[in-house]
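Peer 1: Here it is, the structure in full.
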Amino acid sequence: MKKPLKILMVEDNLFDAELIRLELRKINKDFESRIVQDEKNFLNELETFQPDLILSGYTMPQFTGLDALDIAKKKCPEIPFIIVTGTLNDEIAVKCIRWGAWDYVLKDRLVHLGHAVKNAIKLKAENEKKKLAEDALRESEKRFKDISFSMADWIWEVDEKGVYTYCSDKVQNVLGYSVDEIIGKTPFDFMDHEEAEKIKNIFKQILEQKKPIKDLENWNINKDDRKICLLTNGIPILDENGNITGYRGVDKDITERKKAEDIQKTLFNISNALNTTDNMPDLYSKIREFLGDVIDTTNFYVALYDEKTDMISLPFDVDEKDEFETFPAGKTLTKYVIKTGKPLFASMQFQNELVKQGKIEIIGTRSEIWLGAPLKIENKVIGVIAVQSYDDPNLYTEKDIEILTFVSEEIALAFKHKQADEQIKRDLEEKGILLQEIHHRVKNNMQIISSLLKLQSAHIKDKRTLELFQNSRDRVKTMSLIHDALYRSKDLAHIDFADYVRKLATQIFISYGANSNFIKLKIDIKDVLLDISTAIPCGLIINELVSNSLKYAFPEGKGEIGISFTYNNKVNTLCVKDNGIGISGKINLENSSTLGLLLVNSLTKQLDGTLKLEKVKGTSFKIAFKKTELKTYGKVES
């Protein structure tokens, strides 16, 4: 059974932590998370919780993200550590990465968090796999020592000057040269000048110290002028006096492994660019630069397809021969990939076959080899990313198409995010116009009522009456705050009730001057979306009950208030409770003597619900009602 992902969050803002959890659930609902705010708890959770991933804020009062990162590097460097912050700039971002962070995500761009987490978990798995391979290699070398050389790819011997005196015939499989072509030459004869000078100096130091050659990586040029990376291991050959007369060793071709490492680094850089680059032309340029580390991008373009006009546009194009901004899709190679929805590795011969079959027509300068991968958004091909060579038919391999396909998926993801951002901007503009009018009317009406109460209270001498007027004025101001919070919701039809309640409760605490260090607020509301007509009466009920708790429940100024919302068997249950001194005497909820409880009872009826009072270890009000569409929150009877 697959174990849930364990995530440790270093975060002092519980609201931000909840937003991060919501974003994580989009990619993996099966996870456990814990939150710490100081060094002691962080160390404890590292040992007891043993997280798979650490998400940390950057700036916190007592324990910073870099403090946590230092500890993580020492205690558990293999665990991915991602900075999630709202204060990051380019300088701090570079500092975090250099300090050892695996990645970073801005809090106002949490949409990128899932992508960063997926990359970190994938990289962790690859690192673990690589470590296992390295451990196995070390164990193998320790166990077999000299005998392992006889089983290696290419066995050789050199004299004290580095001249080959012997090599096995497997050298031809590695460098393409015969044994006769190798004997009498040095390893440096098969390297470029810069690499040869570097390896010479290393070999000289090893020879002077009479040490074995251990895992020495060096780049050679084979007979076909291709670069080959060899991993060299060797032991000294000693004469009867103990003097070194040469070395005996083995060279292993690790070119593919090095390419895989370079590819991994490239893909990481591209993924990072997606998180940090908003401008699409800059993103294309960075992708071309990073991709150029593993495949040739001398001729590289990104094409977008307009289905209505059957035209291809090139928002990014670097080409030695042709200069196109747009061209008819027609039967081009680009259109062929768009039509099939599959990546294409097209040699000159294959292009000719497609032309003969009438499937494509060549426009512009014919390339010796062409690679293209589709850009897909939700299974719809919107364009193509391609590279090509006009003079070298062997420049690319089938493996390169896999890299290009991955990059195409990343670019498509960037397009999707860009489209989503543009839609959000349009929605916000439309919503802003509507909200401006709503705020204007609601706030003006509330302000008029508040002003009238203030004017009237100026002529009242009786303290009890003055207090009642002041309470009424506070209630009007609170309702004004409710409207302000409610109509700032992202969805005009529904609101995130958990987020709304947090903001509402915070405003009530501020209004009554309550100290959250002494009177704790516990909110248990998860994934609840309510329509506006349901949310408003629920908000007014919470306002009345929390206000009463703050005014009467805690004469010593200490305690806890809890707000929860559950949904079972098609019934919503809103509960507001406190652990204060409780309500003395018998209370008739249908005919209460206090305006606050009258309001709560009336609003409960409006929800077509039931109100239950429990007086155990404090006071608890439970309002149960069916999930329904309410058209108005109407007039409260008194």
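Peer 1: Take every Cα-Cα pair in region 3-149 and report what % of them are more than 22 Å apart. Mind showing how you got there, number by number?
Peer 2: Values: 4441 of 10731 pairs.
Percent of Cα pairs beyond 22 Å in region 3-149: 41.
Peer 1: Given 10 Å bins starting at zero, what is the percent of C-alpha pairs of region 265-326 in each, up to the one with the largest pair distance?
Peer 2: 21, 44, 29, 6
Peer 1: Only four residue types carry charge here, +1 at the Cβ of Lys and Arg and -1 at the Cβ of Asp and Glu. Report the dipole size of region 318-358 about the Cα centre in Debye, rounded to the nearest 20.
Peer 2: Numbers: 6 positive and 6 negative charges, 82 e Å.
Using Cβ point charges on Lys, Arg, Asp and Glu, region 318-358 gives about 400 debye.
Peer 1: Contact order normalised by length for region 137-283, with contacts defined as Cα pairs under 8 Å and 6 or more residues apart; what percent is it? Don't jump to the answer; show the numbers that get you there.
Peer 2: Numbers: 211 pairs, mean separation 30.9, N = 147.
Contact order relative to length: 21 percent.
Peer 1: How much of the DSSP beta bridge set in the chain is antiparallel, as a percent to the nearest 5? List each step's numbers first, then the result.
Peer 2: On the way: 76 of 99 bridges.
Around 75 percent of the beta bridges assigned by DSSP in the chain are antiparallel ones.
Peer 1: Where the only charges are on Cβ atoms (+1 Lys, Arg; -1 Asp, Glu), what is the dipole of region 1-67 about its Cα centre, to the nearest 20 debye? Numbers along the way, then the final one.
Peer 2: Working: 9 positive and 13 negative charges, 96 e Å.
Using Cβ point charges on Lys, Arg, Asp and Glu, region 1-67 gives about 460 debye.
Peer 1: About its Cα centre, how strong a charge dipole does the chain have in debye, to the nearest 20, once Lys and Arg get +1 and Asp and Glu get -1 at the Cβ? Mind showing how you got there, number by number?
Peer 2: Values: 93 positive and 100 negative charges, 896 e Å.
It comes to approximately 4300 debye.
Peer 1: Using a Förster radius of 35 Å, what is the FRET efficiency between Arg464 and Ser564 based on their Cβ-Cβ separation? Nearest 0.05, please.
Peer 2: Working: r = 35 Å, r/R0 = 1.00.
Once the sixth-power term is evaluated, E becomes 0.50.
Peer 1: Still on this structure: Using a 7 Å offset from the Cα along the Cα-to-Cβ direction at both Asn222 and Ser178, what is the distance between the two label points in nm, to one decimal?
Peer 2: In this crude label model, Asn222 to Ser178 measures out at 1.9 nm.
Peer 1: Using only Cα atoms, locate the centre of region 1-78 and the centre of region 273-293, then give the distance between them in Å, rounded to an integer.
Peer 2: Spelled out, the Cα-based centre of one part sits 30 Å from the other.
Peer 1: A further question follows. What fraction of the Cα pairs in region 241-391, stated in percent, has a spacing above 21 angstrom? Don't skip to the answer; put the middle values down first.
Peer 2: Numbers: 6051 of 11325 pairs.
Tail of the P(r) past 21 Å holds 53 percent of the pairs.
Peer 1: Further, regarding this structure: Report the full-extension gain for the segment Glu325 to Lys74: residue separation times 0.36 nm, less the Cα-Cα distance, to one decimal in nm. List each step's numbers first, then the result.
Peer 2: Details: separation 251, 0.36 × 251 = 90.36 nm, distance 5.24 nm.
In short, 85.1 nm is gained.
Peer 1: Would you mind estimating how fast region 365-432 diffuses translationally, via Stokes-Einstein at 37 °C and 0.692 mPa s with the Kirkwood radius over Cα pairs, in µm²/s? Mind showing how you got there, number by number?
Peer 2: Details: Rh = 14.0 Å.
This corresponds to a translational diffusion coefficient of 234 µm²/s.
Peer 1: For the chain, count the residues as N, evaluate 2.2 N^0.38 Å, and divide the Cα radius of gyration by that value, please.
Peer 2: Rg over 2.2 N^0.38 Å, computed on Cα atoms: 1.37.
Peer 1: Turning to a different aspect of this structure: With 16 Å as the cut-off, how large is the P(r) tail for region 180-270, expressed as percent of Cα-Cα pairs? Mind showing how you got there, number by number?
Peer 2: Numbers: 2589 of 4095 pairs.
Everything past 16 Å amounts to 63 percent.
Peer 1: Shifting gears a bit: Leaving out ligands and nucleic acids, note down the accessible area per residue over the chain with a 1.4 angstrom probe, in whole Å². Please list the in-between numbers first.
Peer 2: Values: 36610 Å² over 638 residues.
About 57 Å² of surface per residue is accessible.
Peer 1: Restricting to Cα pairs below 8 Å that are 6+ residues apart, what does the relative contact order work out to for the chain? Please round to a whole percent. It would help to have the intermediate numbers written out before the result.
Peer 2: Details: 937 pairs, mean separation 33.5, N = 638.
Relative CO of the chain lands at 5 percent.
Peer 1: So which lysines can Lys258 reach, going by Cα to Cα under 16 Å and dropping same-chain residues fewer than 8 places off?
Peer 2: In chain and number order, the partners are Lys129, Lys130, Lys131, Lys227, Lys399.
Peer 1: Compute the helix-to-body angle for 255-276: its Cα long axis versus the longest principal axis of the chain, expressed 0 to 90° and rounded to tens.
Peer 2: 30 degrees
Peer 1: On to the next question. Lys/Arg Cβ at +1, Asp/Glu Cβ at -1, dipole of the chain taken about the Cα centre: which of Val163, Leu19, Pro343 is farthest positive-ward?
Peer 2: Leu19
Peer 1: Which of Val117, Leu274, Ile183 sits farthest toward the positive end of the charge dipole of the chain, with +1 on the Cβ of Lys and Arg and -1 on the Cβ of Asp and Glu?
Peer 2: It is Val117, whose Cα lies furthest towards the positive end.
Peer 1: What accessible area, in Å² to the nearest ten, does a 1.4 Å probe give for Arg366?
Peer 2: 90 Å²
Peer 1: Here is a further query. If r is the Cβ-Cβ distance from Ser533 to Lys342 and R0 is 60 Å, what FRET efficiency results, to the nearest 0.05? Write out the running numbers ahead of the final one.
Peer 2: Working: r = 50 Å, r/R0 = 0.84.
For R0 = 60 Å, the calculated efficiency reads 0.75.
Peer 1: Using a Förster distance of 56 angstrom, determine the FRET efficiency expected from the C-beta separation of Lys617 and Glu91, and round it to 0.05.
Peer 2: 0.60
Peer 1: Continuing with this model, one more query. Could you tell me which residue out of Leu603, Asn127, Ile71 lies farthest along the dipole of the chain toward its positive end? Charges go on the beta carbon: Lys and Arg +1, Asp and Glu -1, centred on the Cα centre.
Peer 2: Working it through, the farthest residue towards the positive pole turns out to be Leu603.
Peer 1: Next question, about the same structure. Under a crude label model (7 Å from the Cα following the beta-carbon direction), how far is Asn13 from Asn269 in nanometres?
Peer 2: 3.3 nm
The values are calculated or read from the model by the stated rules, or taken from the named source; none is laboratory data. Here the structure is a predicted model, which is why all the values come from computation and not from measurement. All Cβ positions, glycine included, derive from the backbone under ideal geometry; neighbour counts span all protein chains shown. We work out accessible area using only protein heavy atoms, side chains counted, and drop any ligands, DNA or RNA first. Shrake-Rupley method; radii C 1.70, N 1.55, O 1.52, S 1.80 Å.
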